[in-house]
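One structure is given below, encoded as structure tokens.
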Amino acid sequence: FDHVDMWFRYGYKTSIGSWLIIQDILNNPEVTIPVLSYNKDFAHKIIRPINEEFEKNEKLKELFPDICWQNPEREAPAWALETGFSLRRKGTPREQTVEGYGLVDSLPTGVHPRIIHYDDCEDEYSVNSTDTIYKLINAWELSLGLAATNLIYTCRKRYYGTTYHHAALYTEIVNRGSAKARKFPCTVGGRWPSTSEEWKTNPPVSVFLPLNKLREIWGDMKSKNFNAQMLMDPTPSDTAMFRQEMLQFWKPMREN
């Protein structure tokens, strides 16, 4: 909780986060968890596997019959991506156990969750301009109103995603001290050689994917997107927005 986990693509961060949500529910079926993503479609893609596990995983139903419905589509009070879905519980909160919302297009009001799960809130479209960056940050600020502490419990927050810009949402969250950054690039230290000589003398060390697969991904993405999505460095040195060598100087001409 209270960390921004920025992981490289293909690192299974969303899958791990989804299983943490399942674990949260099994530990406390009274929990309510909205999943907030960049937009509603993103959020529904994230909660769909969670919904399917509770619907089709017979082992879960066998081990947790007091939490899981045997036939959720018939028995559960709500069981759809649009409305959210509810597991067995003693209380009757207005919220379903899991719901999916978009920060920029469907932010909820009047809900009081136990956990807010932020996943893939930042993407390439959200950093196209200063306006889109501000819009997303503002939407995140509004979402914090859902996390108000009451006398019974404190709402906790998880953040998962990939950073696309050095001044966008995830960086802003960390800079404000709202959460601590945990960056997981695809190579040790986020290194990626820039010359063929460096590849021979000091190749990078992959943390998960085979190195030849990373080179294939780099060949497809090229520097800017590879650095952002795989090395967690959205402003690499070779594509920096401003470099010192860009400066040019002229001496003023003297008037006759």
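Annotations for the structure displayed:
- For segment 1-31, the set of residues classified as basic (K, R) and open to solvent by 50 Å² or more (accessible area, probe 1.4 Å) consists of R9 only.
- Condition broken by A181, with the remaining ones in (1) aliphatic (A, V, I, L, M); (2) more than 22 Å from W7 (Cα to Cα); (3) modelled with pLDDT of 90 or more satisfied: (2)
- Conditions (1) among the aromatic types (F, W, Y); (2) open to solvent by 50 Å² or more (accessible area, probe 1.4 Å); (3) at pLDDT 95 or above; (4) in contact with a strand residue (DSSP E or B) (Cβ under 8 Å, 6 or more places away or on another chain); number of the one not met by W79: (2)
- Residue within segment 32-40 that is closer than 25 Å to T92 by Cβ, crowded, with 16+ Cβ neighbours inside 10 Å and under 11 Å from the mean Cα position of the chain (by Cα) present: yes
- Boolean, L60 is among the aliphatic types (A, V, I, L, M) and either farther than 30 Å from E141 by Cβ or open to solvent by 40 Å² or more (accessible area, probe 1.4 Å) (or both): yes
- The residues listed here are F226, F242, F208; of these, the one that is under 29 Å from the mean Cα position of the chain (by Cα), open to solvent by 60 Å² or more (accessible area, probe 1.4 Å) and at pLDDT 75 or above is F208.
The values are calculated or read from the model by the stated rules, or taken from the named source; none is laboratory data. If you're wondering where the values come from, they're calculated on a predicted model, not measured in any experiment. Cβ sites come from the backbone with ideal geometry, for glycine too, and all protein chains shown count toward neighbours. Areas reflect the complete protein model, heavy atoms only, side chains present, ligands, DNA and RNA absent. Shrake-Rupley method; radii C 1.70, N 1.55, O 1.52, S 1.80 Å.
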